[in-house]
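I have placed the structure first, in the form of structure tokens, so that the comments after it can refer back to it.
The values are calculated or read from the model by the stated rules, or taken from the named source; none is laboratory data. Source: prediction; values computed, not measured. Here the Cβ positions follow ideal geometry from the backbone for every residue, glycine too, while neighbour counts run over all protein chains shown.
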Amino acid sequence: MSTFQEIFDQGFNITDVTILKETYFALKLRNGLTILVPLHKFKRLRDAENEELQNWKLVSVGLGVSWASLDEDISIKGILSELQDQLEDLHPAECGECNMHSQVLECV
């Protein structure tokens, strides 16, 4: 997926964000996938208080997430580029922390 239009057309845009125990955030995608992303990958998120982490908003029709108070913006395109191998071999799973019944990918 090289363009944001392709990402959107395939349902990889973000519909919700859940903070999990101040260690991960889960990106729920329109196509049913859930991506777990460790907070430590983003210094501003890693060092933030839980209240700050909860203060996010979707941008560009779910093609990104912004934490304006932390000056942190994340695009789904960047996250997907790290998950290319996992995207080629998807298997249904359930996230034990967030109870999301979908396919779960972990960005390590």
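Quick one: what pairs do we get from segment 56-85, first residue closer than 12 Å to Val17 by Cβ and in contact (Cβ under 8 Å) with a residue 40 or more places away in the chain, second in a strand (DSSP E or B) and among the charged types (D, E, K, R), C-beta under 8 Å, 6+ apart or different chains?
Gly64/Asp73; Val65/Lys57; Val65/Asp73
Cβ-Cβ below 6 Å, separation at least six or inter-chain, first residue in segment 20-31 and free of Cβ contacts under 8 Å to residues at least 60 places away in the same chain, second surrounded by fewer than 16 Cβ atoms within 10 Å (Cβ to Cβ) and β-branched (Val, Ile, Thr): which pairs?
From residues that are free of Cβ contacts under 8 Å to residues at least 60 places away in the same chain, the pairs are Arg30/Thr15.
Within segment 1-49, which residues are over 21 Å from Ser60 (Cβ atoms) and of a type in the set (S, T, N, Q)?
The answer is Thr23, and nothing else.
Of all residues in segment 36-59 being touching a helix residue (DSSP H, G or I) at 6+ places or on another chain (Cβ under 6 Å) and crowded, with 17+ Cβ neighbours inside 10 Å, which is nearest to Glu82 (Cα to Cα)?
Checked segment 36-59; the qualifying residue nearest to Glu82 (Cα to Cα) is Leu39.
For segment 82-104, does any single residue satisfy the condition of being assigned to a loop (DSSP other than H, G, I, E, B) and modelled with pLDDT of 90 or more?
Scanning segment 82-104 turns up no residue that is assigned to a loop (DSSP other than H, G, I, E, B) and modelled with pLDDT of 90 or more.
Filter segment 22-32 down to residues that are in contact with a helix residue (DSSP H, G or I) (Cβ under 9 Å, 6 or more places away or on another chain) and not charged (D, E, K, R) and give me whichever is farthest from Ile7 (Cα to Cα).
Checking each candidate, the answer is Thr23.
If you go through segment 13-23 one residue at a time, do you hit one that is under 20 Å from Gln84 (Cβ atoms), under 10 Å from the mean Cα position of the chain (by Cα) and surrounded by 14 or more Cβ atoms within 10 Å (Cβ to Cβ)?
Yes, segment 13-23 contains at least one residue that is under 20 Å from Gln84 (Cβ atoms), under 10 Å from the mean Cα position of the chain (by Cα) and surrounded by 14 or more Cβ atoms within 10 Å (Cβ to Cβ).
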